[in-house]
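Q: Below is the structure I would like to discuss, written out as structure tokens.
The values are calculated or read from the model by the stated rules, or taken from the named source; none is laboratory data. Here the structure is a predicted model, which means the values were calculated and not measured. Using ideal geometry, Cβ is built from the backbone for each residue, glycine included, and neighbour counts are taken over all protein chains shown. All accessible areas refer to the heavy atoms of the entire protein, side chains included, with ligands and DNA or RNA removed. Shrake-Rupley method; radii C 1.70, N 1.55, O 1.52, S 1.80 Å.
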Amino acid sequence: MKENNIVEEKSFEFSVRIVNLYKHLTTTKQEYVMSKQLLRSGTSIGANICEAQQAQSSMDFLSKMSIALKEAYEPDYWIRLLHKTEYLNNDEYKSIITDCRAITKLLVTIVKSTKENNK
């Protein structure tokens, strides 16, 4: 990871939280279907951001970051669903959804500014 790459750092930390939440949901709550979807979608954000760091061009970077942004909306859905179905309490929900949405906002900003710079 490059030093001071905020979106990469935040997405990695989010992935760690998602993995830990997955472990909690499967061992404590015995929930396997939604938690697996959350695990896949929540960790793919950071993987796509990492891949974007090795982009071959600014258009390649934009493409990878756009994929990461698209991927960031899916865990938001699963987190909300897990909350509404009472697998996550209010405090757990608020904490993790805040992180998810912060990463989404960063990605929106990066994608928009990259598009502007490519004009």
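Q: Among (1) open to solvent by less than 60 Å² (accessible area, probe 1.4 Å); (2) of a type outside the set (V, I, T); (3) part of a helix (DSSP H, G or I); (4) under 19 Å from H83 (Cβ atoms), there is one condition R40 misses while meeting the rest; what is its number?
A: Going through the list (1) open to solvent by less than 60 Å² (accessible area, probe 1.4 Å); (2) of a type outside the set (V, I, T); (3) part of a helix (DSSP H, G or I); (4) under 19 Å from H83 (Cβ atoms), R40 breaks only (1).
Q: Check L106, L82 and return the single one that is in a helix (DSSP H, G or I), out of contact with any Pro (no Cβ under 7 Å at 6 or more places or on another chain) and open to solvent by 40 Å² or more (accessible area, probe 1.4 Å). Steps first, please.
A: On the way: L82 fails: open to solvent by 40 Å² or more (accessible area, probe 1.4 Å).
The unique qualifying residue is L106.
Q: Additional query: Using beta carbons and a limit of 9 Å, which pairs, at least six apart or on different chains, have the first residue in segment 36-47 and under 23 Å from V111 (Cα atoms) and without any contact (Cβ under 8 Å) to a residue 24 or more places away in the chain and the second one assigned to a helix (DSSP H, G or I) and open to solvent by 60 Å² or more (accessible area, probe 1.4 Å)?
A: So the pair list comes out as R40/E74.
Q: Another question, then. Being open to solvent by less than 80 Å² (accessible area, probe 1.4 Å) and of a type outside the set (A, V, I, L, M, F, W, C) is the requirement here; does Q30 meet it? Talk me through it step by step, then tell me what you get.
A: Numbers: open to solvent by less than 80 Å² (accessible area, probe 1.4 Å): no; of a type outside the set (A, V, I, L, M, F, W, C): yes.
In short, no.
Q: Which condition number does T98 fail, the rest of (1) open to solvent by 40 Å² or more (accessible area, probe 1.4 Å); (2) of a type in the set (V, I, T); (3) over 12 Å from the mean Cα position of the chain (by Cα) being met?
A: That leaves (3) as the condition not met.
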